[in-house]
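Participant: The structure under discussion is supplied below as structure tokens; questions concerning it will follow.
The values are calculated or read from the model by the stated rules, or taken from the named source; none is laboratory data. Just so we're clear, the structure is a prediction, and the values are computed from it rather than from any experiment. Reconstructed Cβ throughout: ideal geometry from the backbone, glycine too, with neighbour counts over all protein chains shown.
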Amino acid sequence: MALSADFEKALQIGRPPNIKKLFPNSKALIVSGKVVDRAMTAKGKAIAMAANGRNIFVIKGVLQAAQHANCPVIIEIAKSEGGQKAYCAVNYWNMARIVDALCNELGITVPVAIHADHYGIKNDKDLEEAKIEIPTMFEAGITSIAIDASHLPDDKNLLANLAINKFIPKWAGLETEVGEIKGNQGLSTVPEAKFLIQGLNAHEIFPDWIALNNGTTHGLEASDAGIQVGLTAEIHKALIPYKVNGAQHGTSGNSSERLREIANQTATTKANVATALQMISWGLEVNDYGNAQLDADGNFIKVKGEGMTEEMWAEMVAYANEKGWKKGDYKSLNLPFENKLLAQPIVIRDRMAKRVEDFAYKMFAEVLNAKDTAPLAIAEILKAGSFDLGAKGTQIEDPAHWSAATITERAKSLNGDKGPVGNFDD
């Protein structure tokens with residue numbers, strides 16, 4: 001396949017230094033998350049899928065769908081999924097290698113960002129470990145990161161973001177978060193979001209995205225409450241001067257109609273999809289927006305002839321039952337069964353990826369309005385003449401008003417309800 005002159009030029013100048021070092025002869029256009037964000041902004045009312053690559057079939061299917069839809073895509077993994085205590089075989093340190101290999105194998109010519117999602121910082125110990133761990137992740141090919149200190153009080157959240165920022169390359173995509181993702185409890189507020197973004201701005205840190213607790217959950221959507229579009233739009237409007245877009249977490253289980261509302265009414269340019277893609281790759285019955293369906297006995301429904309073999313699924317269910325796992329724990333099957341899934345015949349492996357491809361393409365083309373945005377992403381690279389697109393925002397806040405002591409004092413005026421305490425990691 002002949003490659004366009006623009007793609008060839010973007011390949012020369014658009015790959016960050018860590019990617020060029022790791023894959024010097026690659027034809028995969030792995031880019032900063034900033035590139036994907038800018039492409040969605042350029043089109044307007046468009047959202048990039050950030051697909052959590054819990055297994056190689058998800059990654060392969062999403063890449064093929066992105067190529068078909070001619071749109072850039074983000075492949076990501078969260079700390080719980082792919083950190084040091086991972087429940088997936090795909091992790092922070094091998095994800096870029098998997099993506100690069102697949103892009104070259106499949107002839108993928110759309111830009112792809114490699115995102116470390118939900119890099120959680122819950123205490124001082126986590127913060128100190130992050131100063132060592134985050135550089136290793138960028139050395140392994142990460143090109144974008146979400147710092148999630150939302151579990152902490154507002155002042156500690158901001159201070160953790162400030163402390164860790166010097167370990168993140170300036171060219172990398174950057175996401176920050178306010179409010180833990182815990183459904184309709186502990187919802188984020190305008191003052192909390194402004195506090196975080198203003199404090200970062202004062203220190204010349206300009207995130208590409210902010211994630212909110214706007215009513216959604218991780219994993220299986222248990223109710224029809226879902227994303228609160230009005231709240232999201234209100235917070236995004238308040239942040240317009242700071243030029244930060246939204247990252248929507250917990251997309252699985254929300255209807256296509258609601259996701260279209262998010263695209264049309266908010267400044268969201270990134271939507272995380274995790275559980276739905278996992279279930280689809282396995283061959284489970286899902287509704288039209290990816291929520292796994294249960295039979296009358298409360299069990300997942302395996303669609304015969306789709307996804308993995310029926311024998312493999314029976315083995316996975318038996319394993320989960322032996323462990324006493326509930327339905328929300330099935331994600332932990334990823335690590336012990338990755339090699340077993342890879343050992344299936346190619347016709348089975350291909351249909352696992354194809355099922356993901358079909359779902360993801362529909363999301364790109366009919367829900368997220370991302371179709372044909374790859375040229376816009378490449379145009380952003382060529383316009384910048386570099387892998388580093390620079391910041392969207394500029395310093396507005398006075399750093400003198402945002403010292404550590406002032407931050408702690410300012411936070412006392414924030415009265416947001418943080419919701420119940422618990423483990424809300426995906």
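Participant: Within the range 262-286, which residues are assigned to a strand (DSSP E or B) and under 12 Å from the mean Cα position of the chain (by Cα)?
Facilitator: Hits for the range 262-286 are T269, K270, A271, N272, V273.
Participant: Considering only residues that are under 14 Å from Q265 (Cβ atoms) and part of a loop (DSSP other than H, G, I, E, B), look in the range 227-250 and name the one that is modelled with the highest pLDDT.
Facilitator: The extreme case among them is Q228.
Participant: Now for a separate question. Just one of (1) over 30 Å from I381 (Cβ atoms); (2) within 18 Å of the chain's Cα centre (by Cα); (3) surrounded by fewer than 22 Cβ atoms within 10 Å (Cβ to Cβ) trips up A140, so point out which.
Facilitator: In the conditions (1) over 30 Å from I381 (Cβ atoms); (2) within 18 Å of the chain's Cα centre (by Cα); (3) surrounded by fewer than 22 Cβ atoms within 10 Å (Cβ to Cβ), A140 misses (1) alone.
Participant: For residues that are over 30 Å from L212 (Cβ atoms) and small (G, A, S), scanning just the range 264-302, find the one that is surrounded by the fewest Cβ atoms within 10 Å (Cβ to Cβ).
Facilitator: Going through the qualifying residues, I end up with A296.
Participant: With respect to K79, is the statement that it is surrounded by 14 or more Cβ atoms within 10 Å (Cβ to Cβ), within 17 Å of the chain's Cα centre (by Cα), over 30 Å from L3 (Cα atoms) and basic (K, R) true?
Facilitator: Yes; evaluated as a whole, the condition is true for this residue.
Participant: Let me ask you something else. Looking only at the range 76-84, decide whether some residue is touching a Cys at 6+ places or on another chain (Cβ under 8 Å) and free of Cβ contacts under 8 Å to residues at least 40 places away in the same chain.
Facilitator: Yes - at least one qualifying residue is present in the range 76-84.
Participant: Something else now. Out of A370, A314, A318, which single residue is of a type outside the set (V, I, T), under 26 Å from the mean Cα position of the chain (by Cα) and modelled with pLDDT of 95 or more?
Facilitator: Selected residue: A370, the only one of A370, A314, A318 that is of a type outside the set (V, I, T), under 26 Å from the mean Cα position of the chain (by Cα) and modelled with pLDDT of 95 or more.
Participant: Answer with yes or no whether F387 is aromatic (F, W, Y) and at pLDDT below 95.
Facilitator: Answer is no for this residue.
Participant: If you scan the range 287-302, which residues turn out to be outside any loop (DSSP other than H, G, I, E, B) and in contact (Cβ under 8 Å) with a residue 24 or more places away in the chain?
Facilitator: A292, L294, F300
Participant: So G416 passes all but one of these: (1) modelled with pLDDT of 95 or more; (2) touching a helix residue (DSSP H, G or I) at 6+ places or on another chain (Cβ under 6 Å); (3) not hydrophobic (A, V, I, L, M, F, W, C). Which condition number does it fail?
Facilitator: (1)
Participant: Looking for whichever is under 23 Å from the mean Cα position of the chain (by Cα) and at pLDDT below 95 here; the options are K327, K362. Which one fits?
Facilitator: From the options K327, K362, the qualifying one is K327.
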